[in-house]
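Peer 1: For reference, the structure I am asking about is given below.
Nothing in this text is a laboratory measurement; each read-out follows from the coordinates by a stated rule. All of these numbers come straight from a predicted model, not from anything done at the bench. Ideal geometry is used to build each Cβ from the backbone, glycine not excepted, and the neighbour counts take in all protein chains shown.
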Amino acid sequence: MKNLKSWAVIAMLAFATFSCKDDDETTPAAEKSYTITTDAASGLEVIKGSIDENVTLAASKKYMLHGFVYVKAPATLTIEAGTIIKGDQTSNGTLIVERGAKIMAEGTAAKPIVFTSIKPKTMRTAGNWGGLIILGNAPTNLGATAKIEGGVDREYGGTDANDNSGVLKYVRLEYPGIAFQPDNEINGLTLGGVGAGTTIDYIQVSFCGDDAFEFFGGTVNAKHLIAYKTVDDMFDTDNGYSGKLQFLVGQSAPSVADASGSNGFESDGDAQGSTNTPLTSAVFSNVTLYGPLATPTTSINPNYARAMHIRRNSNISVHNSVFAGWPTGLLLDGDRSQANATAGTLKMQNVVIAGTPANNQLRVQSGSTYDVAAWFNAMGKNNSTQTDYAGLNIADAFKQTGPNFVPGAGSTLLTGASFTGMDPFFEQVSYKGAFGSTDWTAGWTNFDPNNTDY
């Protein structure tokens, strides 16, 4: 009997050992660290907790994110084309794909994947839920132990420039973006240390309560991105982000802006403007960002700021792009970014700034004597500024519902692009800005989601 009791004790200990979670939880293995349960009142499949195994969300069901939902390494979350996922407002519903995990969200033009507000139509507003956060192992200038903002408390960054966090294609993110704390917000799409092995293409972020897109370091490339009526910045790049981006469009809501100052681009090396490497050196081409000044008499929120605020040792390059209707065009801010411009590591080529008052088109910080106009207008760069929109034929783009971003016939934007010396990633097109004669937003976008039944 003594031997039998000993074996019984050993067996019990073995069961206890193998049923513990490897993240110091004591939940038995039979109980998952996440749940997907049906809410009887709404019919939604409610997702809670940390997904630690491969899971597929089916288009035949509708889902709700309750609280912070994590996808933990090495799990893969697959989302079928046409799936609708709603974010709970009370619990700040947010989806976080952790470093080493993957998201496979590949919609189609006919069946985009939609993340949206839990609110019924006509009642949705910016910041109704958290957003989508993807974290990877690609380099940042903060090392590999930085934690992403927004109260998420998860690390990002590493040494694998080609790290693969999955696929995000034909995806809409509507009404996301919450301020967890001042200067510590969840954006529409947050990418922290995401690598170049990841695919990001055809993404629309609409009515976001903070930045539409923010890249914290990493090397991921992307095409066909839409920032529609976001509260704060449209595209924010920092912490050593060095990816390539093409075909980006943004449109402002004239009455809505953030107290911190809403920009088209905001770009920093890091928060201190240090010389830490890698430097923020993203390369943009074929960008069109429409500010709030649809006409010179438009009444706008006074917190609107600049088409481009480049500062704190940023080294970004902008090619073949249009910035129209902003109170200020370019603010080249700080000695280090200005030195980068002089050295040619910060570049602008074939850039048009239009519809901005003459004294605000090209600026530097107060007290600086840097001649930003001489740099911007230097021979061979083919940059230009104008106080109106003459020749651009872009009036339809300013429409607040159902905008048409394709320039009208005869527009000066339809020719003149140049890709000399640029990476093969960039599709060589003839036009400046995000659109030629084809509207790549057609079919999969929604510019009036507040009146859509989901």
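Peer 1: Over the chain, calculate the relative contact order: mean separation of alpha carbon pairs under 8 Å at least 6 apart, over the residue count, as a percent. Walk me through the numbers before you get to the answer.
Peer 2: Working: 1357 pairs, mean separation 40.1, N = 454.
It rounds to 9 percent for the chain.
Peer 1: A further question follows. How would you classify segment 260-326 from its alpha-carbon gyration tensor, with a ≥ b ≥ c the square roots of the eigenvalues: rounded for a/c under 1.5, else prolate if a/b is greater than b/c, otherwise oblate?
Peer 2: It comes out oblate by the Cα gyration axes.
Peer 1: Taking the alpha-carbon set of the chain, what are its Rg and Dmax in Å?
Peer 2: Taking only Cα atoms of the chain, I get Rg and Dmax of 23.4, 97 Å.
Peer 1: Using a 10 Å cut-off on Cβ atoms, rank the peptides 133-139, 78-84, 305-311 from the highest mean neighbour count down. Could the numbers behind the result be given before it?
Peer 2: Working: 133-139: 28.7, 78-84: 19.0, 305-311: 25.6.
Packing proxy ranking, top to bottom: 133-139, 305-311, 78-84.
Peer 1: Starting with the fewest neighbours, write out Val46, Val220 ranked by other beta-carbon atoms found within 10 Å of each beta-carbon.
Peer 2: Numbers: Val46 18, Val220 28.
With the fewest neighbours first, Val46, Val220 line up as Val46, Val220.
Peer 1: Is the C-alpha gyration tensor of segment 38-232 telling us rounded, prolate or oblate? Criteria: a/c under 1.5 is rounded; beyond that, a/b larger than b/c is prolate, otherwise oblate. The partial results should precede the final answer.
Peer 2: Values: a/c = 1.45, a/b = 1.30, b/c = 1.11.
Note, shape of segment 38-232 comes out rounded.
Peer 1: Would you mind classifying segment 53-132 by shape? Square roots of the alpha carbon gyration tensor eigenvalues, ordered a ≥ b ≥ c; an a/c under 1.5 is rounded, otherwise it is prolate if a/b is larger than b/c and oblate if not. Can you show the working numbers first?
Peer 2: Details: a/c = 2.24, a/b = 1.26, b/c = 1.77.
Here segment 53-132 falls in the oblate category.
Peer 1: Out of the DSSP beta bridges found with both residues in the chain, what percent are antiparallel (nearest 5)? Display every interim value, and only then the final one.
Peer 2: Details: 10 of 112 bridges.
Bridges in the chain are about 10 percent antiparallel.
Peer 1: How much mean residue ellipticity at 222 nm does the chain get from its helices, if each DSSP H run of length 4 or more adds -39500 (n - 2.57) and you divide by all residues, to the nearest 500 deg cm²/dmol?
Peer 2: Values: 3 runs with 31 residues, N = 454.
It lands at -2000 deg cm²/dmol.
Peer 1: Would you list which aspartates and glutamates come within 17 Å of Lys381, measuring only between C-alpha atoms, while excluding same-chain residues fewer than 8 positions from it?
Peer 2: Cross-link targets: Asp371.
Peer 1: Using a 10 Å cut-off around each Cβ, can you sort Phe419, Phe425, Phe235 from fewest to most neighbouring Cβ atoms?
Peer 2: Going from least to most buried by this count: Phe425, Phe419, Phe235.
Peer 1: What's the angle, to the nearest 10 degrees (0 to 90), between helix 2-18's Cα axis and the longest principal axis of the chain?
Peer 2: 10
Peer 1: In which sequence would Thr280, Thr275 go, from the one with the fewest C-beta neighbours within 10 Å to the one with the most?
Peer 2: Thr275, Thr280
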